[in-house]
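So that we are looking at the same thing, I have put the structure below in structure tokens.
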């Protein structure tokens, strides 16, 4: 199994999820040792894992708890 990337992102208190000055793509490449194929493979593995976790959670969650919400497994543009 591929090892999860450990991103080196400074923690700054903001109203958004991450500071605007941090380029996440650069952080991913640095974590992958500069190898773009390793970075892409790791991101694809993470996306696959999260998709599986979403499927499991939605299978165990009752319809009432989500008030009719159903997850989308693929991003809609």
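Please treat every number below as a calculation from the coordinates, not as lab data. Please read these numbers as outputs of a predicted model, since none were measured by experiment.
For residue 30 and residue 53 in the same chain, what is the full-extension length gain: residue separation times 0.36 nm, less their Cα-Cα distance, in nm?
Length difference between fully extended and current span is 5.6 nm.
Above 14 angstrom, tally the Cα pairs of the stretch 27-77 and express them as a % of all pairs, no decimals.
Numbers: 806 of 1275 pairs.
It works out to 63 percent of all Cα pairs.
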